[in-house]
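The structure under discussion appears below in the form of structure tokens.
The values are calculated or read from the model by the stated rules, or taken from the named source; none is laboratory data. Because the structure is a prediction, the values reported are computed rather than measured. Here the Cβ positions follow ideal geometry from the backbone for every residue, glycine too, while neighbour counts run over all protein chains shown.
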Amino acid sequence: MANNTASARVIRQLKNNTRVKISLGLIILIIGVAIFAPIISPYDPNEINLGATLQPPSSQHLLGTDRMGRDILTRIIYGTRISLLVGIIAVGISGLLGVIFGTLAGYYGGYVDGIIMRIVDVLLAFPSILLAIALVAVLGASLFNIMLAIGIVNWVGYARVVRGEFLSLKNKEFVSAARAMGANTFRIIFKHMLPNCIAPIIVMATLGMAGAIITESSLSFLGLGVQPPTPSWGEMLNTGRQIIRQAWWVSTFPGIAIMLAVLSFNILGDGLRDALDPNMVD
Amino acid sequence: MSKYIIRRILLMIPILLGVSLIVFSLMHLTPGDPVQIMLGDFAQPAQIEVMRDNLGLNDPIHIQYFNFVRNSLQGNFGRSIHYNEPVINLIKARVGFTINLSLAGFIVSYLIAFPAGIISAIKRNTFIDDFSMVFALIGISMPNFWLGMMLMLVFALRFRVLPATGVGTWRHLVLPAITVGTAGAALATRLIRSSMLEVINKDYIRTARAKGLMERTVTFKHALKNAILPVLTIIGLRLGFILSGSVITEIVFARPGLGRLMVDSIFRRDYLVVQASVLLVAVTVLIANLIIDLVYGFIDPQIRYD
């Protein structure tokens, strides 16, 4: 019952929030663009046309062409796929690791908690993008490795939140009651305690998508991410930087795409936080 | 107070060891033989053996780690394969550019964040508040290297008011500093605003107003002083963020700093340089956080008794 009214409040809050609605619409649009990329894009993303290199935006190429005559709009459309893929897998990896370690630390406490929290402290000493760069540097630059690297460097936040939630729930009456009724550890964790962490995890995952998209573009910009000719927004900016004096459009439009995608996830994450966290309602 | 300082410093030791362990393991994570990769495909087996011996890779792994920690403490990070020079010299020659940029970026971010955060808290839900919150959201959502490229396009290539690349004068620092500072400014503005909002409704602020104090005195002496504490802790965390922002910004503006060295070394498979740079940045962040914690304990006595 209490749960129903709480979720009803959340949905009402989200429905009334214009910014959330706009950002949700944008995200659905981005997902649609990724899925239907072959249908909506005017050209082939890797089609080289040496007769039309570095064309400024025109009616034929709405956002211009790059050094190899490839259509920039088409490559931005296809780049959506990479950004979303990296975001989803990386957030999945960090969420999973974070929930596992956070649960272990919060539920068992003691030296398990001590060890996990020391690992967290150590990882927090590294700026996450720098650790991701170092990981990709040793593992080698590939799509799989950047998803892995971004996932590995970002689980700490989830672990801290889950642990905190578990610590405060551990001694609550409903948990003791479940234990008294003979529920085993597994059931207590998954049925009674983890569901309480879902709201903050959803918020973190949404904001995490934004972070992962920026990190992917940074790695690809440095040449450490998705390798050419695969169209990725960061990789497009990397080539754009080299010819910034001749062709402003090559480095302008992919950045706008990154900004819109990241902005949408950030706004949605902020909106979800306001709606899901009753403490912040004013 | 001295007890608190000693405890904080002792707490650092296991974390420093953990950091060194991670940096040490990085090299051993390489798929394949790191020496083979560093020397390239045409290396002779004898050459590889000499190099392995030089790097101490034939020792048992715990001895290797012990030597790594001992050498690092002495500032000995080995020799760069590409430059054939001690890594520490390479870093010393470049780190200044990175520190300059980070400091400038830091200053830019708080020059924007303090006024913007305070004003939007005081003028809550007005046009000014909305404007700075939108600015903050966009600032967080832009990749900073792209902002750098756009600033370069407009101010260096189009209007030619500032140099596009390189180092030398303060004018070379303006665009990179704005690039590094913007994301930091955006985050700090939001934090300062919410911190101020929290304080502004407290009883002692009402009391201060009721006493008939000037609004300016209330804002700066009573509200800001209390709102600043949570901001201070975040400054430490942000330092790592600003440092890594500088590393990437250096690539955009072709500044010969630590970031440039690191990224170039990754492509040259000059692993010892990468290892040392990562270690250096992590240790810098840790020490900065320690200093901020100590300052924090100094300002707010409650912290010391936790």
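Here are some notes:
- Failed condition for B:Ser72, given (1) touching a residue at least 12 places away in the same chain (Cβ under 8 Å); (2) among the small types (Gly, Ala, Ser); (3) surrounded by fewer than 18 Cβ atoms within 10 Å (Cβ to Cβ): (3)
- Taking the numbered list (1) within 14 Å of chain A (Cβ to nearest Cβ); (2) over 23 Å from B:Ala183 (Cβ atoms) in turn, B:Ile251 passes all entries but (2).
- Matching option when the condition is in contact with a Gly (Cβ under 6 Å, 6 or more places away or on another chain), within 13 Å of another protein chain (Cβ to nearest Cβ), surrounded by 13 or more Cβ atoms within 10 Å (Cβ to Cβ) and modelled with pLDDT under 90, among B:Ala164, B:Ala183: B:Ala183
- Residues of segment B:41-93 satisfying the condition of being among the acidic types (Asp, Glu) and within 21 Å of B:Asp264 (Cα to Cα): B:Asp41, B:Glu85
- Among the numbered conditions (1) away from chain B (no Cβ under 14 Å); (2) closer than 21 Å to A:Pro228 by Cβ; (3) not aromatic (Phe, Trp, Tyr), the only one that A:Gly182 does not meet is (2).
- Whichever residue in segment A:221-244 is part of a helix (DSSP H, G or I) and within 10 Å of another protein chain (Cβ to nearest Cβ) and, among such residues, is surrounded by the fewest Cβ atoms within 10 Å (Cβ to Cβ): A:Arg241
- Meets criteria (away from chain B (no Cβ under 12 Å), part of a helix (DSSP H, G or I) and crowded, with 24+ Cβ neighbours inside 10 Å) for A:Glu216: no
- Test: residue in segment A:187-208 that is of a type outside the set (D, E, K, R), crowded, with 22+ Cβ neighbours inside 10 Å, more than 30 Å from A:Glu173 (Cβ to Cβ) and out of contact with any Lys or Arg (no Cβ under 6 Å at 6 or more places or on another chain): yes
- Only one of the numbered conditions (1) among the charged types (D, E, K, R); (2) farther than 20 Å from B:Val281 by Cβ; (3) touching a residue at least 40 places away in the same chain (Cβ under 8 Å) is violated by B:Arg52, and that is (3).
- Residue list for segment A:245-258, filter: surrounded by fewer than 19 Cβ atoms within 10 Å (Cβ to Cβ) and facing chain B (nearest Cβ under 9 Å): A:Arg245, A:Ile256
- Selection status of B:Arg260, farther than 17 Å from B:Val19 by Cβ, at the interface with chain A (Cβ under 10 Å from one of its Cβ atoms) and out of contact with any Phe, Trp or Tyr (no Cβ under 8 Å at 6 or more places or on another chain): no
- Among the residues making up segment A:44-72, those that are surrounded by 14 or more Cβ atoms within 10 Å (Cβ to Cβ) and not in a loop (DSSP other than H, G, I, E, B) are A:Ala52, A:Thr65, A:Asp71, A:Ile72.
The rows are residues; the columns are (1) out of contact with any His (no Cβ under 8 Å at 6 or more places or on another chain); (2) more than 14 Å from every other protein chain (Cβ to nearest Cβ); (3) surrounded by 22 or more Cβ atoms within 10 Å (Cβ to Cβ).
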residue: A:Gly79; (1), (2), (3): yes, no, yes
residue: A:Val91; (1), (2), (3): yes, yes, yes
residue: A:Gly98; (1), (2), (3): yes, yes, yes
residue: A:Tyr111; (1), (2), (3): yes, no, no
residue: A:Ala141; (1), (2), (3): yes, no, no
residue: A:Arg160; (1), (2), (3): yes, no, no
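- Segment A:250-274 residues that are at negative phi, paired with ones that are aromatic (Phe, Trp, Tyr) and part of a helix (DSSP H, G or I) (beta carbon under 6 Å, 6 or more apart): A:Pro254/A:Trp233; A:Gly255/B:Trp146; A:Ala257/A:Trp233; A:Ile258/A:Trp233
- Residue list for segment B:277-298, filter: buried (at least 19 other Cβ atoms within 10 Å of the Cβ), at the interface with chain A (Cβ under 9 Å from one of its Cβ atoms) and either modelled with pLDDT of 85 or more or touching a strand residue (DSSP E or B) at 6+ places or on another chain (Cβ under 8 Å) (or both): B:Ser277, B:Val278, B:Val281, B:Ala282, B:Val285, B:Leu286
- Candidates A:Ile133, A:Ile150, A:Ile146, filtered to the one that is within 11 Å of chain B (Cβ to nearest Cβ) and either at pLDDT below 95 or under 19 Å from B:Val263 (Cα atoms) (or both): A:Ile133
- B:Leu157 passes every criterion in (1) at the interface with chain A (Cβ under 10 Å from one of its Cβ atoms); (2) surrounded by 20 or more Cβ atoms within 10 Å (Cβ to Cβ); (3) not small (Gly, Ala, Ser) apart from (2).
- Residues that are among the small types (Gly, Ala, Ser) and either at pLDDT 90 or above or on the phi > 0 side of the Ramachandran plot (or both), drawn from segment B:73-93: B:Gly75, B:Gly78, B:Ala93
- Only a single criterion out of (1) within 17 Å of A:Ile150 (Cβ to Cβ); (2) without any contact (Cβ under 8 Å) to a residue 24 or more places away in the chain is not satisfied by A:Lys21, namely (1).
- Checklist (1) under 30 Å from B:Leu224 (Cα atoms); (2) away from every other protein chain (no Cβ under 12 Å) applied to B:Ile88, failing item: (1)
- If you go through segment B:26-43 and keep only what is within 14 Å of chain A (Cβ to nearest Cβ), surrounded by 14 or more Cβ atoms within 10 Å (Cβ to Cβ) and among the aliphatic types (A, V, I, L, M), you end up with B:Leu26, B:Met27, B:Val35, B:Ile37, B:Met38.
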